[in-house]
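Here's the structure, in structure tokens; my notes come after.
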Amino acid sequence: MRKTSLLLVPAACALLLTGCSSDHAKSYDPSNTSCPSTDAPDNTKTQWTVKGTTGEARIAAGTDEHGPVINVTTPFAVNETQVQTLTTGDGPVVKEGDTVYVCYEGVNGRTGDVFDSSYGRGEATSFPAQQPSATQSGVIPGFVKALVGQKGGSHVGAVIPSEDGYPQGTPDGSIKPGDTIVFEMKIARVGD
């Protein structure tokens with residue numbers, strides 16, 4: 001089943017992320033905004049494990065051949081947003097307000113279900129790396145925090161509590177108030 005993008009949100013919704021580290025450098029190719037939709041092999045090694053106030057999340061970055069791995073012991077919840085650079089790209093640094101093209105997958109920590117995936121759609125989603133305002137579109141604040149300061153080509157993991165994501169839940173009900181969300185994202189391109 002195709003999932004629609006939930007990243008673009010009204011001004012009332014917000015997301016926040018902090019912290020970074022790195023692994024292997026990746027070659028940045030802004031001409032390629034496709035996202036691999038093939039599932040990762042079963043033996044894919046976890047790159048980041050996050051122990052929550054309840055549950056646990058284990059994340060591995062996608063590759064050129066397959067999407068990411070996000071495994072959640074439910075219910076998974078955190079009290080604050082955390083970000084981890086899984087692989088460092090060699091592209092330009094994302095600045096607030098830049099248009100970015102991102103391959104991403106989002107998992108609900110309460111259910112362990114994927115609620116949105118541009119990997120599943122096979123194409124990166126573009127949006128401004130900024131919070132929405134009355135005159136401009138944007139994304140939840142945690143997504144902004146996860147992206148700003150990262151390099152193009154990087155893969156980033158993020159765990160985001162409700163207050164930094166969707167405090168009122170989503171209109172389709174896939175995310176309820178209080179749900180922690182977990183993302184893996186690849187910054188495929190920085191700029192238009």
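The values are calculated or read from the model by the stated rules, or taken from the named source; none is laboratory data. No experiment lies behind these values; they were computed from the predicted model shown. Backbone-built Cβ (ideal geometry, glycine too); neighbour counts: all protein chains shown. SASA here: full protein model, heavy atoms, side chains in, ligands and nucleic acids out. Shrake-Rupley method; radii C 1.70, N 1.55, O 1.52, S 1.80 Å.
Checked against the criteria, A57 does not count as buried (at least 16 other Cβ atoms within 10 Å of the Cβ) and touching a helix residue (DSSP H, G or I) at 6+ places or on another chain (Cβ under 9 Å).
Give the residue that is nearest to the chain's Cα centre (by Cα), with candidates limited to residues of region 95-124 that are among the hydroxyl-bearing types (S, T, Y) and surrounded by fewer than 21 Cβ atoms within 10 Å (Cβ to Cβ). Result: T99.
Exactly one residue among A129, A146 is at pLDDT 95 or above and in contact with a helix residue (DSSP H, G or I) (Cβ under 9 Å, 6 or more places away or on another chain), and that residue is A129.
Criterion first (assigned to a loop (DSSP other than H, G, I, E, B), surrounded by fewer than 24 Cβ atoms within 10 Å (Cβ to Cβ) and touching a Phe, Trp or Tyr at 6+ places or on another chain (Cβ under 9 Å)) does S174 satisfy it? So S174 fits the description; yes.
For region 54-74, a tally of residues being touching a residue at least 40 places away in the same chain (Cβ under 8 Å) and more than 17 Å from the chain's Cα centre (by Cα) returns 1. Residue count for region 74-99, restricted to those that are outside any strand (DSSP E or B) and not basic (K, R): 11. Entry remark, region 177-192: residues being small (G, A, S) and open to solvent by less than 10 Å² (accessible area, probe 1.4 Å) number 1 in total.
Residues in region 63-72 that are touching a strand residue (DSSP E or B) at 6+ places or on another chain (Cβ under 6 Å) and crowded, with 18+ Cβ neighbours inside 10 Å were compared, and the one that is nearest to I187 (Cα to Cα) is P68.
Selection of region 109-137 for residues being farther than 27 Å from E80 by Cβ and β-branched (V, I, T) yields only T135.
Only residues that are over 12 Å from the mean Cα position of the chain (by Cα), closer than 20 Å to R110 by Cβ and open to solvent by less than 10 Å² (accessible area, probe 1.4 Å) were counted in region 130-165, giving 1.
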